[in-house]
Amino acid sequence: MSCVISSIGLVSSVGPSALDSSASIRAGISRFQGIEGVNTFDEDELEAPIVGSPIPLVTGGFIQTARWARLADRALNDVLVNAKNKAINWANMPVIWVLPDVAELYLWPEGELVSIFKKTLVAPLAKSLQQPLSSPDNGFYVVGSSGSARAIRAITRTLAQGYFEQLLCVAVDSLLEPLYLDSLIAQERIKTPNNPVGLIPGEAAAAILLEPRKDSSPSIVIYNSIYKAFDGDIEKERWRTLEANTISRLLANSIIETLSVMADHVFVGNIYLDINGEEWRSVIWGMTQVVLKMHKGIDIEQCQEVVSATSWGDIGAAGGIAHLCLANQSFRRRYAQSNVALVCTVAENGDVGVILIGESA
C-alpha cells in the first residue's frame, strides 16, 4: 500500500525549516565550523579544531535526550506550520520514532529503552506541543539507527489495516552529542587533516505526517519501501570496508526490488544518498552502480545523485526521513529531475533501506 506525505518538518544546520534547509541544500550552502573545545593533532599546526555542523542556538549546552528533544521540537513545529489548515488527530495517531542506537554507548538497560525514551524525550515534547504524542500506546516504536525504511514499512502496514487515518514519523540524531562524538573520535572516523576520508558530524531532526493515499487529488506519494538486514561479521576491524561488496549487493538488490512497482517503466530521477566522506560508504555506492548498470529498470547514468552531507555533514538516524523531506520539497518547488526519486540508506550496522517516492498527478 502507498501512502501520502501531507506535511513535513525539518531543522538542520543550514536551515530552521524544511523550506530553508531544502533551499540551502540545493544551493550548496554549508555551515561547517570548528567544534569548541574539541581538537585534533595536525602535523603543521600541532593542534586544530575538529570540524562539525552544529546548530548551536538549538542544541548548545544540551546532551543526550534533552538535545534530541530540542531538535525534534523544531521539526514538529515545522510540521504544524506546513500542515496549514489540515486537522491533525493527535489523540488517535501513532507516532513512529527513528532514534540513534545508543543503548550500549550510554549504558542504558536494553529492556528499558522505550520507557526511557518516553520519559525523557516524548513526555517533554508532548508538554511543549501540548499534544498527546505517545497515544495510542501501540503506535509507539523505537526502530534504531537503521530504521528509516523500516519505519516507513511499519507506517504503510499500519495504514493498510485501516485503523488510523494519520501517522507521524519523527527522526532525530546528533553526532555532536559529547559521548557520541568521543566515540567517533576514538574510532578515528572523524574527518581531520590526517584522516581526509572521515565524516563531518552533524545533527538534525525531521518529521513527516502521512495518510492513506487518495487518488482524487495531486500528492506526494511513498510508493514502496524495502528494508533488509545485514547478517555479516561486524566484529573484525574495518569490517565495513571488508564487507562493502556484500552490502553493495544487498543495496542494489533492494533498489531493484523497490523499483519493481514501476513495472515496465525505467527509473530516471534524483537518488538521495547518505555518502558522508567515509571510504566504505563511497565504495559501497560505487559497487552498487556497477550492478545497477546491468539492470533494465533503471538508467543509473542519467540519474542525479543528491549528497546532502556536503552541506550539513552526517546526521545519522535523521538522514532517511530528512531526505524524504528534501524530495518532497523538490516535487512541490518543481526542481526535481523527474516525478520519482529514490532515498537510499545504509546503516552503521550494514542494514540497508530504499524508499521510492514520487509525485502523483
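Compute the relative contact order of region 58-203 as a whole-number percentage, counting only Cα pairs closer than 8 Å that sit 6 or more residues apart in sequence. Walk me through the numbers on the way to the answer.
Numbers: 174 pairs, mean separation 45.7, N = 146.
Once normalised by length, the contact order is 31 percent.
Could you give me the percent of Cα pairs per 10 Å distance bin for region 250-361, shortest bin first, beginning at zero and ending with the bin that holds the maximum distance?
It works out to 14, 50, 32, 4, in whole percents.
Place a +1 charge on the Cβ of each Lys and Arg in region 147-264 and a -1 charge on the Cβ of each Asp and Glu, then give the dipole magnitude about the Cα centre in debye, rounded to the nearest 20. If you can, show how the numbers build up before the last one.
Values: 12 positive and 15 negative charges, 44 e Å.
Once rounded to the nearest 20, the dipole reads 220 debye.
Tell me which of Thr246, Ala341, Gly52 sits at the most positive position along the dipole axis of the chain, charges placed on C-beta atoms (Lys, Arg +1; Asp, Glu -1).
The Cα lying farthest towards the positive end belongs to Ala341.
Using +1 at the Cβ of each Lys and Arg and -1 at the Cβ of each Asp and Glu in the chain, identify which of Thr156, Pro124, His295 lies farthest towards the dipole's positive end.
Of Thr156, Pro124, His295, it is Thr156.
Report Arg157's accessible area, 1.4 Å probe, all protein chains in place, as a number in Å² to the nearest 10.
Approximately 130 Å² for this residue.
Charges at C-beta only: +1 for Lys and Arg, -1 for Asp and Glu. How large is the resulting dipole of region 41-129 about its Cα centre, in Debye rounded to 20? Mind showing how you got there, number by number?
Working: 8 positive and 11 negative charges, 232 e Å.
The dipole magnitude comes to about 1120 debye.
Could you give the size of the charge dipole of the chain about its Cα centre, using +1 on the Cβ of each K and R and -1 on the Cβ of each D and E, expressed in debye and rounded to the nearest 20?
Working: 28 positive and 39 negative charges, 326 e Å.
The dipole magnitude comes to about 1560 debye.
Let me cross-check Ile25: its accessible surface, 1.4 Å probe, with only protein heavy atoms counted, in Å² to the nearest 10?
Solvent-accessible area, nearest 10 Å²: 30 Å².
Students sometimes get this wrong: rank His265, His295, His323 by accessible area, probe 1.4 Å, all chains present, largest first. Can you show the working numbers first?
Numbers: His265 125, His295 60, His323 5 Å².
The residues order as His265, His295, His323, largest area first.
Which shape class, rounded, prolate or oblate, goes with region 147-306 when its Cα gyration tensor gives a ≥ b ≥ c as root eigenvalues, a/c under 1.5 marks rounded, and past that a/b bigger than b/c marks prolate? Can you show the working numbers first?
Details: a/c = 2.08, a/b = 1.36, b/c = 1.53.
Taking the square roots of the gyration eigenvalues as a ≥ b ≥ c, region 147-306 is oblate.
Just reorder Asp20, Asp314 by solvent-accessible area, largest first, 1.4 Å probe, all chains present.
On the way: Asp20 70, Asp314 20 Å².
Listed by decreasing accessible area, they come as Asp20, Asp314.
Report, by chain and number, residues whose modeled amide H sits under 5 Å from the one on Ser6, excluding near sequence neighbours (fewer than 5 apart, same chain).
Those lying under 5 Å, H to H, from Ser6 are Leu209, Leu210, Glu211.
If I ignore ligands, DNA and RNA and count only protein heavy atoms, how much of Asp351 is accessible to a 1.4 Å probe, in Å² to the nearest 10?
We get 10 Å² for Asp351.
Rounded to the nearest 500, what is the chain's calculated 222 nm mean residue ellipticity when only DSSP H runs of at least 4 contribute -39500 (n - 2.57) each, over all residues? Mind dumping the intermediate values first?
Working: 13 runs with 123 residues, N = 361.
The per-residue figure over the chain is -10000 deg cm²/dmol.
Between Glu188 and Met262, what length comes free when the chain is fully extended (0.36 nm per residue of separation minus the Cα-Cα distance, one decimal in nm)?
Working: separation 74, 0.36 × 74 = 26.64 nm, distance 4.16 nm.
Separation in residues times 0.36 nm, less the Cα-Cα distance, equals 22.5 nm.
Which entry in (i) 1.00; (ii) 0.95; (iii) 1.59 matches Rg/Rh (Cα atoms, Kirkwood Rh) derived from the coordinates of this structure?
Of the labelled values, this structure produces (ii).
For Lys214, go through the lysines and keep the ones whose alpha-carbon is under 24 Å away, minus same-chain ones fewer than eight residues off.
Lys84, Lys86
Top to bottom by accessible area (1.4 Å), largest first, where do Met287, Met93, Met262, Met294 land? Could you put the intermediate results ahead of the total?
Numbers: Met287 70, Met93 0, Met262 30, Met294 150 Å².
In descending accessible area the options line up as Met294, Met287, Met262, Met93.
Going by the alpha-carbon gyration tensor, a ≥ b ≥ c the square roots of its eigenvalues, is region 161-228 rounded (a/c under 1.5) or, if a/c is not under 1.5, prolate (a/b greater than b/c) versus oblate? Don't skip to the answer; put the middle values down first.
Values: a/c = 3.55, a/b = 2.81, b/c = 1.26.
In terms of gyration-tensor shape, prolate.
The values are calculated or read from the model by the stated rules, or taken from the named source; none is laboratory data. Because the structure is predicted, anything quoted here is derived from the model rather than measured. Note that each Cβ is placed from the backbone with ideal geometry, even for glycine, and that neighbours are counted across all protein chains shown. The accessibility values were calculated without ligands, DNA or RNA, using every heavy atom of the protein model including side chains. Shrake-Rupley method; radii C 1.70, N 1.55, O 1.52, S 1.80 Å.
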